[in-house]
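Everything below concerns the one structure shown next.
The values are calculated or read from the model by the stated rules, or taken from the named source; none is laboratory data. All values reported here derive from a predicted model rather than from experimental measurement. In this analysis, Cβ positions are derived from the backbone assuming ideal geometry, glycine residues included, and neighbour counts consider all displayed protein chains. The accessibility values were calculated without ligands, DNA or RNA, using every heavy atom of the protein model including side chains. Shrake-Rupley method; radii C 1.70, N 1.55, O 1.52, S 1.80 Å.
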Number of protein chains: 2
Amino acid sequence: MTLLAQTHEEPLTSEYIAGSVNTHPVFIRRILGMLNKAGLVTSQAGVGGGWRLRKAPETITLLEVYRAVDENHLLSLHHRSPNPRCLIGGNIQSSLEGIFGEAELALEQVLHTRTIADVLNEVLQHAQARAN
Amino acid sequence: MTLLAQTHEEPLTSEYIAGSVNTHPVFIRRILGMLNKAGLVTSQAGVGGGWRLRKAPETITLLEVYRAVDENHLLSLHHRSPNPRCLIGGNIQSSLEGIFGEAELALEQVLHTRTIADVLNEVLQHAQARAN
DNA sequence: TCTATCTGTCACTATTATAGTTACGGAAGG
DNA sequence: CCTTCCGTAACTATAATAGTGACAGATAGA
């Protein structure tokens, strides 16, 4: 997304993006596909096609990106559900869900305060600092 | 930990705990071993042995438990590092680390406000509500 | 209309992370 | 000395994640 923000006039191909992220084009297309469904990017087939941001970088928060890409929770229980016949095991799931939800909400609130434009600015500043 | 808080007078064996968590005793021993190194629990070998909390449940925050058990970050980049020859790829890592760190800190602050005793109380309340 | 891209998606493989399982030495207590 | 239980290693099984090849369809330009 930061890459797209930098060159938002011209679309970038999944192959080019994969080169920066150091991964496979299909992996990029899969993730950009999710971001597309979330309305954050747009794609165009054919010669000179590729991916572009659908909104200004200043209006895209990291929370939007996070929610578009990550479907399952950060904090969770063991993947096997606890013994329902145990007093604790049978009731801890809902208790922890509440606390975990609260904690993740706090994390998401931070992500809500930052935009793609912020990240791009930070990256450019960092690059300039390293050049000097 | 909640299970240990409930019966903090007598030690619980890894086999008993595994029954509640619905997993294998060795898995429980591995995790309790980490909590032991963090000073949160204590173990005793032999007949009538097992695991106990080393501190009062009211003094054990979920943050302590979380830090003892989870070594790697919740939010992270792709496991393959980005292309250092790319302007964005070469500088985004440190930028995101800062933001991610801030976000995780917010999450951890929530975990810091809750103790094992809180969880036990909530679980018992929930159990009572379901009984009625 | 033909051709060279480039997306969108499927199917499959490779790799890694996570948990399950067996095994066994050693500590503790009766 | 015998039973119980921890501590840990080694190995297997399973699931999650990423890599790879393939191909239909969309698009733009010759």
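Side notes on the structure shown:
- Test: residue in region A:97-109 that is assigned to a helix (DSSP H, G or I), within 16 Å of DNA strand D (Cβ to nearest atom) and aromatic (Phe, Trp, Tyr): no
- The one condition from (1) under 24 Å from the mean Cα position of the chain (by Cα); (2) farther than 28 Å from A:Ala117 by Cβ; (3) more than 7 Å from chain A (Cβ to nearest Cβ) that B:Glu108 does not meet is (2).
- Listed by first and then second residue, the pairs linking a residue in region B:15-28 that is assigned by TED's automatic domain parsing to the domain that holds B:Gly50 to a residue that is more than 6 Å from DNA strand C (Cβ to nearest atom) and open to solvent by 60 Å² or more (accessible area, probe 1.4 Å), with Cβ atoms under 6 Å apart and 6 or more places separating them unless they lie on different chains, are B:Pro25/B:Glu15.
This table checks each residue for (1) modelled with pLDDT of 95 or more; (2) in contact with a helix residue (DSSP H, G or I) (Cβ under 9 Å, 6 or more places away or on another chain).
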| site | (1), (2) |
| --- | --- |
| B:Val65 | yes, yes |
| B:Asn72 | no, no |
| B:Ser76 | no, yes |
| B:Thr113 | yes, yes |
| B:Val119 | yes, yes |
| B:Glu122 | yes, yes |
| B:Ala131 | no, no |
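- Any hit, region A:117-126, residues being within 21 Å of B:Val110 (Cα to Cα) and not small (Gly, Ala, Ser): no
- Subset tally (residues that are outside any helix (DSSP H, G or I) and away from every other protein chain (no Cβ under 14 Å)) for region B:61-92: 1
- Matching option when the condition is without any contact (Cβ under 8 Å) to a residue 60 or more places away in the chain, open to solvent by 70 Å² or more (accessible area, probe 1.4 Å) and in contact with a strand residue (DSSP E or B) (Cβ under 7 Å, 6 or more places away or on another chain), among A:Glu71, A:Glu102, A:Glu58: A:Glu58
- Considering (1) more than 10 Å from DNA strand C (Cβ to nearest atom); (2) over 17 Å from the mean Cα position of the chain (by Cα); (3) in a strand (DSSP E or B), the lone condition that B:Thr42 does not fulfil carries the number (2).
- If you filter region B:2-23 down to residues that are outside any helix (DSSP H, G or I) and at the interface with chain A (Cβ under 10 Å from one of its Cβ atoms), you find that the one that is surrounded by the most Cβ atoms within 10 Å (Cβ to Cβ) is B:Thr23.
- Any hit, region A:83-98, residues being surrounded by 13 or more Cβ atoms within 10 Å (Cβ to Cβ), outside the structural domain of A:Gly33 (by TED's automatic domain parsing) and touching a residue at least 24 places away in the same chain (Cβ under 8 Å): no
- Residue match in region B:36-49 (condition: in the same structural domain as B:Met1 (by TED's automatic domain parsing) and closer than 14 Å to B:Thr2 by Cβ): yes
- Residue match in region B:29-40 (condition: out of contact with any Cys (no Cβ under 7 Å at 6 or more places or on another chain) and within 12 Å of chain A (Cβ to nearest Cβ)): yes
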